[in-house]
């Protein structure tokens with residue numbers, strides 16, 4: 001009888017451990033971002049193109065749910081998230097071989113998205129996973145045209161415009177169950193499929209932007225149940 005009770009207890013413990021990554025969770029993200037932004041400019045004099053990079057912090061929050069398929073150690077789930085970033089490249093604008101007309105500071109104010117997660121448990125505490133998300137990111141463009149602007153009509157002016165991008169975001173990560181209700185991990189996200197989008201179209205000036213981001217995040221989550 002003692003043997004049967006001991007065996008039953010171990011079986012229950014193993015079943016509970018196998019499902020260590022199941023359930024709902026919420027948490028916070030903090031990490032480093034790298035932005036590479038290409039900006040195109042055109043006016044009556046011609047066209048110009050420049051690319052600028054910038055590093056900064058990325059921070060935000062997430063909430064999701066994970067589920068193990070049977071006892072396969074295959075984990076599937078979904079996650080909602082949002083974050084802010086401080087990667088703010090500044091780019092000089094103007095037609096090639098002509099005087100610089102001004103500067104543009106590009107700030108990614110926020111992004112929100114929903115992700116599908118698929119992973120495999122390497123052991124009872126470690127999960128390796130990939131993710132595909134669909135994200136909406138908003139970028140603020142602040143143009144400061146110089147007083148000596150040769151186009152004339154925008155000389156000395158400051159123009160601001162927000163542009164929203166929606167695109168798939170891919171990534172991968174590793175999660176570790178530090179305790180029954182605490183999950184920690186690291187994640188890489190690639191936001192490089194936003195594509196080009198027009199920003200300004202005023203007084204014979206047209207501009208276009210094409211942002212790309214790489215993010216490395218530390219994630220800490222509280223797991224319910």
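The values are calculated or read from the model by the stated rules, or taken from the named source; none is laboratory data. The structure presented is a predicted model; accordingly, all values stated were derived computationally and were not measured. Methodologically, a virtual Cβ is constructed for each residue, glycine included, from the backbone with ideal geometry; neighbour enumeration extends over all protein chains shown.
Observations on the model:
- Qualifying residues in region 38-70 (those that are outside any strand (DSSP E or B) and within 30 Å of residue 124 (Cβ to Cβ)) - the one modelled with the highest pLDDT: 69
- Conditions (1) part of a strand (DSSP E or B); (2) free of Cβ contacts under 8 Å to residues at least 60 places away in the same chain; (3) surrounded by 15 or more Cβ atoms within 10 Å (Cβ to Cβ); number of the one not met by residue 149: (1)
- Of the residues making up region 92-106, those that are crowded, with 22+ Cβ neighbours inside 10 Å and in a strand (DSSP E or B) number 4.
- Test set (1) under 27 Å from residue 145 (Cβ atoms); (2) crowded, with 16+ Cβ neighbours inside 10 Å - residue 51 fails condition number: (2)
- Flag if residue 134 is surrounded by 14 or more Cβ atoms within 10 Å (Cβ to Cβ) and either assigned to a strand (DSSP E or B) or within 17 Å of the chain's Cα centre (by Cα) (or both): no
For every residue, the table says whether it meets (1) under 21 Å from residue 112 (Cα atoms); (2) at pLDDT 95 or above; (3) exposed (fewer than 14 other Cβ atoms within 10 Å of the Cβ).
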{"residue": "175", "(1), (2), (3)": "no, yes, no"}
{"residue": "180", "(1), (2), (3)": "no, no, yes"}
{"residue": "186", "(1), (2), (3)": "yes, yes, no"}
{"residue": "190", "(1), (2), (3)": "yes, yes, no"}
{"residue": "193", "(1), (2), (3)": "yes, no, yes"}
{"residue": "201", "(1), (2), (3)": "no, no, yes"}
{"residue": "215", "(1), (2), (3)": "yes, yes, no"}
{"residue": "221", "(1), (2), (3)": "yes, yes, no"}
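- A count restricted to region 195-221 and to residues that are over 16 Å from residue 49 (Cα atoms), in contact with a strand residue (DSSP E or B) (Cβ under 6 Å, 6 or more places away or on another chain) and outside any loop (DSSP other than H, G, I, E, B) stands at 9.
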